[in-house]
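> Following this message is one structure expressed as structure tokens.
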Amino acid sequence: MTKQIGAQSEVVFHFTIKLEDGSVADSTQLQGKPAKLIMGDGSLTPTFEACLLGLKEGDSHSFDLGPDDAFGPVNPNNIHYMDRSKFAGDMTLEEGAIVAFTQPNGAEIPGIVRNIAGDSVTVDFNHPLAGHGVTFEVEILTVDSAASTPESVTN
């Protein structure tokens, strides 16, 4: 019997994410290592997970997702204008550069330098694929429904 992806299945799969122009934004096949996730663990957006529900081992499928269903729209509140003095003096700033910023809680968040005008640096903290429609291609390698059945717990 072929195993089908359910709400808490453990899934091993290859995926490729393509942009509207057909260019590949990410691919496990190019890396030679499949992805593994437990459905509902938050590693994929709900829309991406919904695309996987019901697929079976051995299935290959392609889904076209608009910006709102993929990585979301560009949020203008995630674009910040910073003074050049906020960057290390020896840092070479150029458009398209990805810079890591430390948040107050110590976590790092990447920002993309979008524009440099004099002492003003525009940094975009949106996901790099925000605002883009994508094609999500998947090949399901294995499905294990055991992830939905917890091991016996001892008290």
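> Consider Ile38 against the criteria (1) within 15 Å of the chain's Cα centre (by Cα); (2) assigned by TED's automatic domain parsing to the domain that holds Gly22: it satisfies all of them except one. Which criterion is unmet?
(1)
> Ala25: among the aliphatic types (A, V, I, L, M) and touching a residue at least 24 places away in the same chain (Cβ under 8 Å), yes or no?
Yes: the conditions hold for Ala25.
> Okay, moving on. Give the residues of segment 74-90 that are over 22 Å from His132 (Cβ atoms), surrounded by 10 or more Cβ atoms within 10 Å (Cβ to Cβ) and aliphatic (A, V, I, L, M), sorted by residue number.
Met82
> How do the pairs read when you match residues in segment 47-65 that are touching a residue at least 12 places away in the same chain (Cβ under 8 Å) with residues anywhere that are outside any strand (DSSP E or B) and of a type in the set (Lys, Arg), using Cβ under 6 Å and keeping only pairs 6 or more apart or on different chains?
Listed pairs, sorted by first residue: Glu57/Lys3.
> Please work out if Leu52 is crowded, with 16+ Cβ neighbours inside 10 Å, among the aliphatic types (A, V, I, L, M) and within 23 Å of Gly133 (Cα to Cα).
yes
> Could we say that Met82 is hydrophobic (A, V, I, L, M, F, W, C) and not assigned by TED's automatic domain parsing to the domain that holds Leu19 here? Full working, then the answer.
Working: hydrophobic (A, V, I, L, M, F, W, C): yes; not assigned by TED's automatic domain parsing to the domain that holds Leu19: yes.
Yes: the conditions hold for Met82.
> Mind counting the residues in segment 5-25 that are of a type in the set (D, E, K, R) and either in contact with a strand residue (DSSP E or B) (Cβ under 6 Å, 6 or more places away or on another chain) or at pLDDT 95 or above (or both)?
2
The values are calculated or read from the model by the stated rules, or taken from the named source; none is laboratory data. Treat the numbers as computed from the prediction; the structure is a model and nothing was measured. Don't worry about glycine lacking a Cβ; one is built from the backbone with ideal geometry, like all the others, and counts go over all protein chains shown.
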